Structure formats: C-alpha cells, structure tokens
Amino acid sequence: MMRVTQSMLTQNMLRNLSQSYERLGKIQDQLSTGKKIARPSDDPVVAIKGMAYRTNLTEVEQFKRNFSEAHNWIDASDSALNEATQVLQRIRELVVQASNDTYEQSQREHIAKEIDELKNHLVSIANTQIAGKYIFNGTDTLRPPVNLDDPVNKVSTNTEQVKIELLKGIQLPVNVNPTRVFTYSATPGQGLFSDLEALVNDLEAGKSGQELNGYLSYIDKHIDNVLAERAELGARSNRLELMEARVDEQEVIAQQILSDNEDADIERVITDLKTQESVHRAALGVGARIIQPTLLDFLR
Amino acid sequence: MGSTFHGLEVAKRGMAVQQMALYTTGHNIANANTPGYSRQRVNFVQSEPYPPASLNRPQIPGQMGTGVEAGSIERVRDRFFDWQYRGENNKLGYWQAQADALKKMEDIMNEPSDSGLSKTMDQFWQAFQDLSANPENTGARSVVRQRGLAVVETFHYLADSLTSIQNDLANEIQVTVKSINSIAEQLYKINQQIAEVEPHGYLPNDLYDERDRLLDELSALVKIEVEPKPSGGNALKTAEGSYDVYIFDGNGQRQLLVNGNQGYQTLSVSPSASSSPEMPPGPLTGLLLGGSSIPFVASGKLKGLIEAYGYDDGSGVKGIYPDMLKKLDTLAYSFAKRFNEVHQTGYTLSPSNPGGLFFSDLTQVDGAAKAIQLSSNIDDLNNIAASSAPNEPGNGLNAIRLANVKNSNFANLQNPAPSVSYPITAGTLQAYYESMIGQLGVDTQQANRLVNNSEVLRQSVEERRQSVSGVSLDEEMTNMIRFQHAYNAAARTITTIDEMLDKIINGMGIVGR
C-alpha cells in the first residue's frame, strides 16, 4: 500500500491549480486576441501558414490599389480622346461649311481662326496631365508630347507602354499609343497637326471649295484613328473590370483563408472557458477539503 | 538467581528508549515541512538476555529478557528513488533551459504578427508596387526609401536582440557553473563532517539529508553519479559513508567532481573570460574540470544553456542562437545581394543612368543581418531604379521586378542571372523565412512538451519518494501515543517493583509482631 501524507496532497493540489490557471490563461489569450495561437510553438503549421496567407492578402490588397491607378489612366485617356473626337467633328463641320463656295474670303478667314483655336485645343488635349504625368507620351511622362513651336520634334514618337501589375505576373498596359492619334507628318493626310496647319493656311490663302473638300477625307481618317484607340481603350477597360472582379473575389477568399487558419472559434473557446471554469472551481473546492484535520484534533 | 533490582533496570531502560522515540517523533513533527527531510525512526532492539553463556552463569531455567535498547536512529529513505529522481530532474533541467531560450527567441521573432519581419518585407514590396504605378512620383520614391529603412532596421533589431539574449545566456552559464562549484564545495565539506562522525558509530541523518538535497540540486544542472565510500573505524553497517560525485562529460565518460572527503574539482568554461568580466563573445570550445579540459557535459541545465548559447566541438559552431543568427544573416545577405542585382538592371529617374546599389554591398554572409544598410546612393531619391529602360520616367517595370524579388525562386534566378552563388539554393526568401519560423515553432513545441513530460515524471518519482520518506502527522501522532503509553507502562512497572521491594524490605520477617 502506498503511504500518502498531507504534504503530498497539498503539493498535488497546488500543481493542479497552477495547471488549471495555465489553461485559463490560454483561453483568455484566445478570447482577447481572437486568435487560436499567440506564438509559433502553439501550432507551428498554423503559424507558417498564417505568414504565407498574410503575404497573400497584402498582395491582393496591393493589386486592388493598383487597379484604381489603372482606372485613373484609362478613364482620363478615354475622356481626353472623347473630347478630341468632338473637336474633330466640329472641325469637320467647319470644313464642310467652308468648302461651300458661297462663303466669302473673310468668312473663311473666321473659320480658319476657329480651326486654329481648335487645333490648339487638340494640342492641349494631347498634353493632358494627370497627377503631373503626361498621359499621351508613352513612358516619357515628364515632357509634353506635342510642341508645335519646336522646329524638329513637334510630336512625340514614344510608343512605349506604361504597364501596371494587376495580378501576379500580369501587367496591363494602361496608356494609348499616342503616335497613332497625335501625329505630324510632311505627307498630307498622314499627320493630324500638319493637316490642320495646312487646312488653316489654305483657308487663309483663299483656296476653292473643291480643294478644301479634300481635307474632309483626311479629317475622317483622323477621327477613325481616335475612335480605333478609344475602342482599344474600351476593350482594355472591360478586361480591367473583369480582373478587378476577380481580385475582389480573391480578397474575400484570402481573408477567409487567413481567418479559417488562425482565428479562434469563439463559441468553442467560450465553451472551453466554461468547462475550465467549472474544473477550476472543483479544484479549488477540493483544495479546501484536502486540508483535513489530523489525528491531533481528536486526541486529548 | 537474578538480581533483586533486575526489574528496575529493565523498566528504566524501557522508559529511556521510549523517551528517545518520543523525542524523535518530536523531531519528525518539527521537520514536517523541511525540504529534503526524511522521517527518522528509532530502531528498537532487545538487549542482551541474562544470563549470558559463561562458566560462572547462575543456573536458572532459561535466559531472561533484560528489556529494550535503541539500536540506532535511522532515516527512512530509498536510495533507488533518489537515483530515479535525479535522472528525471536532470532531463527537466536540460529541457527547461532549452524551452526558456526558445521562448525568448519566439518573443523576439514575433511571428505571425503585424509587426514582424514578414510584414515589414510585405510593406517594402507594397511600396515598390506603388512606385511601379507612379515611378516619377517623389512621394512614392520616398516611401520606398523609408520602407527600405524599416526592413534594414528590422534586421538590425532582430540580430541585436538575439545577440543580447545570447549574452544573457552567457551570464547564466557563468552563474550555473558557479553554483555547480559551490555545491561541489558544500558536498566536500559535508563529506568531511560525515567522515568524522561515522567512525564513532553514529548515523549523521541530518547531514545525509542535506547531502541528498544538494545532490538533487546538482542533478538539475549536470548529469551525476554517486559512489559511496565507507568511512572505516567503528562505523555502523548502515552508515552511508562519504560520497564520490562524478559528472558525465559530452562523451558519456564520468569525471570526478567531488572526491569524498579528500577534495573537489572546480569547473570552468573555456575559453575563459579573460578580457571582460562577461563571457567571451565567441562560442564555447569546452569545459575545464580542475584545470583539465573535458568535452562539455551530458544533459542537464548546463548543457541546455550551452546548446542555446552556442558551442564549437571542433566541427563548426552549433547552437540554437548561433543557428538562428546564421539563418538571419543568410536571409539578409541573399535579400540584399539579389535586390541589388535586380536594382542595377534598372535605370534611375534623372539623370537616367543604370541603377546603382540599393543596399550597401555585403561582402560576407557572416554578420549580414547586422551589416545590412541602405546605400548612400539612395539618399538621392532619383537614384531608385524603377525604370527598365533609359529615359523613360513613366516606366515602372523594374520596380515590379524589384517587388518580385521576395517571391523569386533562388533555384531558378533569371533576368539578371545571379552574379554570386547564393547561400539559399532553392525556394523563395519568403519560404526560407517561413521555414526559419516553422523550425523555431517545432523546436519550441518539442522543448515545451518534453518539459511537461519530464516534470510529470519527476513529480511522480517525487511522490513515491515522499511516500517513503515524508512525514505523516497522523502517523507521528499514533506513534506518539504508542510511545507515551509504553513510557507510562514502564513507569508503572517501576511502581510495581517498588511495591515488591517494599514488601521485601519492610514487610518481611515480622511474623507475629
């Protein structure tokens, strides 16, 4: 038979109580942080998965941030090109008017002035800036793409794409190719600004309606160029929205995975807490009882 | 015929011995809560019967009992439990030291959290993504620089904190070695006292208890073995003698620490602390016992501490902290080197030149986590090479490439091809860091589990030991009543004999008076 003494009982009681406190402490940690684990050793697998999932979530959040940047570019480009289309339409109307030979020279000169102004407006559209960046100059975003006063480089020739990473490994170009729209050329019909300059000169020089009529086809071609770029922009904007929907979904999934991995199941933790509480009370109750009277109390 | 006063002598002896037993009971009760105390018992033995076999013996029908005498006062203890307890205590000491060191490391690494190295790296990566969308923006560049600074500082913080804990461990090793030496000295002195008492036929029970308590304490620090050496002289058979205490070295060979009552050896660490009062900064190369070198120790707190602090047993530096620091260096070195390589393939903003260094160049892996710095080149924000081609301020492709350094697989580095051979040969930086933390978690979990296990085992042995040696007040009370009654009864015998003698002396030969 094993001999059991008072000190053995008290020592056991103290040890059990401190273990009970330790378990209560762990549950308290889980409840107050909402996490299953506080340190890697609590569950190494959850810990390293947690690190990976966090990185994943940060990436997805960053991609979402990149989307607004891409929207900025595409929307600004689209509205600028929309304006350019309207300007070109107006120029076309004016040319149709002017090609009417009933117009007098002075009237044609007025039209020339208006077209000249509209040309300048097109220059300012080509030099649109968002957040200090010229959006129609390829990757050379710090210099205006069009400067008609420059004797040599009147328009930019930079065709580089500005790319933004929107999904891992997927970089979407967000700018339009400016050399297809804002052009200048010695050959008639090949350059937007050169054609407009020639048109203004011809109007001022009093060329006949027949001759002016030739510009209509040039302008139509330039309008086509702008529309082609806008169509591409539209397609890209579409793709952007699809990708954004996907990234939004990914964000939810990433957050869910992270939560599944390391968030404490509160209902369960509270149940555990309740159980542990009763165990602890029982331990305390027993503790009070094992400090029993000894034989001494009954001797006289 | 026996003596007339024979009965008086028997009763007197009985009273004296019961009294002795009562006093011993008192001693037990008084020491009920003394650590290391084992209950004591008076061994009652019958005294020599009368008459002894001899030529002149009186012719009586048989030998007559002469009462009781105290054979000895012994402590009730089982040496087998001591041996078991010390074995478990030794394991507990080792795992406790390891678990403490690992727990502190976990606190420093602070993963998974929103403020660890992983998060700092994520933010650095984010800053480059933002830069790639706005490469010409000074604000974005400034954020990149600050986040780079944060990464550098996190590396410094981790390496410095680990080193500072390592220094604490060094101090703890010193303290542990000192307490081993102090225990050895005390054991030697107790051995001396015991060797002086035992030849006189006494059992120095309280000295035995104290010696066993010291051995328990020592067993937590190093693995020990005890060999009793008889004291000689008139020592009792149950005398325990003086103890030779051996400690086990790293090869499992036992080395004499306390040589009975002859002397003891002093333990010290090697290399010794010569220049500074603290420990040498390098790893330990061995231990010196009494001036001669021994290959470390087997198990125990001292071994746990040495393994945490770092040691060199001739086949390179090992240990929990040196390993972690080395991994951190490897991470910092590979990260900075690779990042620079990619950075140098890009072009700066204005003037548009090929990119320079982002982090200042690291020459060696050792100490990289402490040496990593932002290059002074980056003080000018325009020198961050975000563009992949010259003269393209709006080009952010290199920034994207830089952002992806964290996730590039070192087994297959391209664009640019690696210029140095990296200590990380496969996997990404992220995966390498995750495996560092995973390993730490598994190690800590294992140490914690073994601390719990050995604690339970030690507790159960301690319980069995207490079951044998512990003082039970109920039992002492019972004994007290037993001894008291026996004492009273012996006294009553004297009264009876007194009445008998009264009859002989005063009541005999007065017939008819």
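Where a number appears in this text, it was derived from the coordinates with a stated rule and is not lab data. Remember, it's a predicted structure, so these values are computed and weren't measured experimentally. Note that we place each Cβ from the backbone using ideal geometry, even for glycine, and neighbour counts take in every protein chain shown.
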- [ ] Distance from a point 7 Å along Cα→Cβ of B:THR478 to each backbone N in the range A:1-31: keep the residues under 15 Å and list them by number.
- [x] A:1-6
Task: At R0 = 51 Å, FRET efficiency that the Cβ-Cβ distance of B:THR363 and A:ARG246 yields, to 0.05 - done: 0.70
Task: Cα gyration tensor category, rounded, prolate or oblate, for the range A:57-125 with a/c compared to 1.5 - done: prolate
Open item on the list: Under the rule of at least 5 residues apart or a separate chain, name every residue whose amide H is placed under 5 Å from the amide H of B:GLY71.
Closed with: B:ASN43, B:PHE44, B:VAL45
Task: Charge sum, other residues only, whose C-beta stays under 11 Å from B:GLY394's C-beta, Lys/Arg counted +1 and Asp/Glu -1 - done: -1
Open item on the list: Spelling out what I want: for every residue of the range B:65-79, take phi, set θ = phi - 60°, compute 6.51 cos²θ - 1.76 cosθ + 1.60 (Karplus), and round to whole Hz; glycine and proline get x.
Closed with: x, 10, x, 10, 9, 7, x, 6, 10, 10, 9, 9, 7, 10, 5
Task: Gaussian network model of chain A, springs between alpha carbon atoms under 10 Å - residue of A:VAL123, A:VAL45, A:VAL174 with greatest fluctuation - done: A:VAL45
Open item on the list: What distance in nm separates the two pseudo spin-label positions at B:ARG492 and A:VAL96, each 7 Å out from Cα along the beta-carbon direction?
Closed with: 14.3
Task: Cα gyration tensor shape of chain A, rounded if a/c is under 1.5, else prolate or oblate by comparing a/b with b/c - done: prolate
Task: Subset of B:LYS237/B:LYS303; A:LYS154/A:LYS207; A:LYS168/B:LYS327 violating a 30 Å alpha-carbon distance limit - done: B:LYS237/B:LYS303
Open item on the list: List the aspartates and glutamates whose Cα sits under 16 Å from the Cα of B:LYS178, skipping any in the same chain fewer than 8 residues away.
Closed with: B:ASP168, B:GLU217, B:GLU278
Task: Spin-label model distance (nm) - B:LYS189 vs B:SER315, 7 Å beyond Cα toward Cβ - done: 4.3
Task: Surrounding net charge for A:LYS35, when Lys and Arg each add one and Asp and Glu each subtract one, Cβ distance under 10 Å - done: -3
Open item on the list: Give me a comma-separated list of calculated 3J(HN,Hα) values for the range B:80-94, in order, Karplus coefficients 6.51, -1.76, 1.60 applied at θ = phi - 60°, integers in Hz, x for any Gly or Pro.
Closed with: 4, 5, 4, 4, 5, 4, 5, x, 6, 4, 5, 5, 4, x, 5
Open item on the list: Run lengths n ≥ 4 of DSSP H only: what is the helix-derived mean residue ellipticity at 222 nm for chain B, with -39500 (n - 2.57) per run over all residues, to the nearest 500?
Closed with: -18500 deg cm²/dmol
Task: Within 10 Å of each Cβ in A:33-44, the average number of Cβ atoms from other chains - done: 6
Task: Helix B:6-30 axis, angle to chain B major axis (alpha carbon atoms, nearest 10°) - done: 20
Task: Set of aspartates and glutamates near B:LYS229 by C-alpha distance (under 12 Å), chain-local residues within fewer than 8 positions excluded - done: B:GLU198, B:GLU240, B:ASP244
Open item on the list: Under the rule of at least 5 residues apart or a separate chain, name every residue whose amide H is placed under 5 Å from the amide H of B:VAL269.
Closed with: B:LEU288
- [ ] Among the trypsin sites (Lys or Arg not before Pro) in the range A:149-222, which ones are in a DSSP loop with at most 14 other Cβ atoms within 10 Å of the Cβ? Mind listing them?
- [x] A:LYS168
Task: Between the range A:284-300 and the range A:227-266, the alpha-carbon center distance in angstrom - done: 70
TODO: Mean Kyte-Doolittle of at least 0.0 plus a Cα span of 18 Å or more along the axis: flag which DSSP H helices in chain A meet both, please.
DONE: A:192-205, A:266-290
Task: For B:465-477, mean number of other protein chain Cβ atoms within 10 Å - done: 5
Open item on the list: If I take R0 = 25 Å and measure r between the Cβ atoms of B:ASN33 and A:ALA282 in this structure, what FRET efficiency does the formula 1/(1 + (r/R0)^6) give, to the nearest 0.05?
Closed with: 0.40
Open item on the list: Just to be sure I understand: with springs between alpha-carbon atoms less than 10 Å apart, which residue in A:ALA283, A:ALA98, A:ALA80 has the highest mean-square fluctuation in the Gaussian network model of chain A?
Closed with: A:ALA283
Open item on the list: Let me check I've understood the local charge: for B:PRO199, count other residues with C-beta under 15 angstrom from its C-beta, Lys and Arg +1, Asp and Glu -1. What total comes out?
Closed with: -1
TODO: Compute the relative contact order of the range B:49-182 as a whole-number percentage, counting only Cα pairs closer than 8 Å that sit 6 or more residues apart in sequence.
DONE: 17
TODO: Given the options A:HIS280, A:HIS110, A:HIS71, state which has the largest fluctuation in a GNM of chain A using a 10 Å cut-off (strictly under) for Cα springs.
DONE: A:HIS280
- [ ] Output ³J(HN,Hα) for the range B:344-360: one whole-Hz value per residue in order, computed from phi by the Karplus curve 6.51 cos²θ - 1.76 cosθ + 1.60 with θ = phi - 60°, and x for Gly and Pro.
- [x] 6, 7, x, 10, 7, 6, 8, x, 7, 10, x, x, x, 7, 9, 9, 5
- [ ] Would you list which aspartates and glutamates come within 13 Å of B:LYS103, measuring only between C-alpha atoms, while excluding same-chain residues fewer than 8 positions from it?
- [x] A:ASP42, B:GLU111, B:ASP443
